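Encoded as structure tokens, the structure appears first; notes follow it.
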Amino acid sequence: MDDQSIKSTTLDEIKSVYETGVKFAKKSYYERTLFYYQQAATQIQSIQESSESRLYLEYDLYLDMANCYLKENELMKASLRREIADILKQLGDDHLEIATLYGNIGLVYSKQGKYDEALSMYNKSLKIKLAHLGNNHPSIATVYNGIGLVYYYLGKYDDALSVYKESLKVEQAQLGDNHPRIATTCNIGLTYYKLDNFNDALSMYKKSVRIRLATLGENHPDTALSFRNQAQVNYQQSNYRQAISFYQKSINSLRHLYGENHPQIVKDEKQIVQCHHQL
């Protein structure tokens, strides 16, 4: 058996270990997944000679390993970042899979309050996806949503509103007006609310309620959230009876889902009492 056949067999064995990890990843068993990914990563370093087959196996392995950490809301270990950086130098960083990775890293940074780093990752993701997919792909809207949320957290509500509108435009063009992913309308409503533009906020919330009732039904956590958002705006506009009505709808939905003791039910009931005090 020549060296090439030995090397191919070794790559096949490593690929088998890697694919075992993939199976666990699909079941969300991330600790077990990482065990197999790390085993494959160790084995692949034993292959001295570089080849296209090895390069692409490493590429898939390290990207999946990175995403596994990110699923657990953990940033990648420094050693893993170095491995990915080395592969990017060889492959170039314009692959769609890389764009997805950047977006996932941006999400983790956002959750950790590292907003500048999050924006950097999201913008890298956006640049690659725009080059590959054009302006009107649903995946572009996902990145816009991430960027908009970072601006929202930073209190840059005008910037958030601008990006959310871009996201909404893409999703409406590709998915229609009644698709569940048009949850962007809710994000726009929150941003209008922060800008004290209650009429536009209420308009967005009404659209959100309509879509969620049609696609998710009345007894869904997201629908209950839309009811509460609409109640909050009505309260700010001194429409206290309307606010009570929507808080009660939220309570009814949550009771159906979780029973009587959900903490949000207590909060909604307190809001209803507050509304009655204003009447």
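General remarks:
- Scanning the stretch 128-165 for residues that are among the acidic types (D, E) and at pLDDT below 95 yields nothing.
- The set of residues in the stretch 249-263 that are assigned to a helix (DSSP H, G or I) and either free of Cβ contacts under 8 Å to residues at least 12 places away in the same chain or farther than 13 Å from S226 by Cβ (or both) comprises I251, N252, R255, H256, L257, Y258, P263.
One line per residue, one yes/no per condition, for (1) outside any helix (DSSP H, G or I); (2) not hydrophobic (A, V, I, L, M, F, W, C):
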site: D159; (1), (2): no, yes
site: V170; (1), (2): no, no
site: H179; (1), (2): yes, yes
site: I188; (1), (2): no, no
site: D196; (1), (2): yes, yes
site: N199; (1), (2): no, yes
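- Members of the stretch 113-135 found to be part of a loop (DSSP other than H, G, I, E, B) and of a type in the set (D, E, K, R), listed by number: K114
- Test result for K127, outside the structural domain of P221 (by TED's automatic domain parsing), under 26 Å from Y69 (Cα atoms) and over 15 Å from the mean Cα position of the chain (by Cα): yes
- Selection from the stretch 41-58 of residues that are in contact with an Asp or Glu (Cβ under 9 Å, 6 or more places away or on another chain) and without any contact (Cβ under 8 Å) to a residue 40 or more places away in the chain: Q43, I44, E58
- Selection status of N234, within 27 Å of G155 (Cβ to Cβ), part of a helix (DSSP H, G or I) and of a type in the set (S, T, N, Q): yes
- Enumeration of residues in the stretch 191-204 that are surrounded by fewer than 20 Cβ atoms within 10 Å (Cβ to Cβ) and of a type in the set (A, V, I, L, M): L195
The values are calculated or read from the model by the stated rules, or taken from the named source; none is laboratory data. Values in this document were obtained by computation on a predicted structure and should not be read as measured data. Please note: Cβ atoms are built from the backbone with ideal geometry, for glycine as well, and neighbour counts cover all protein chains shown.
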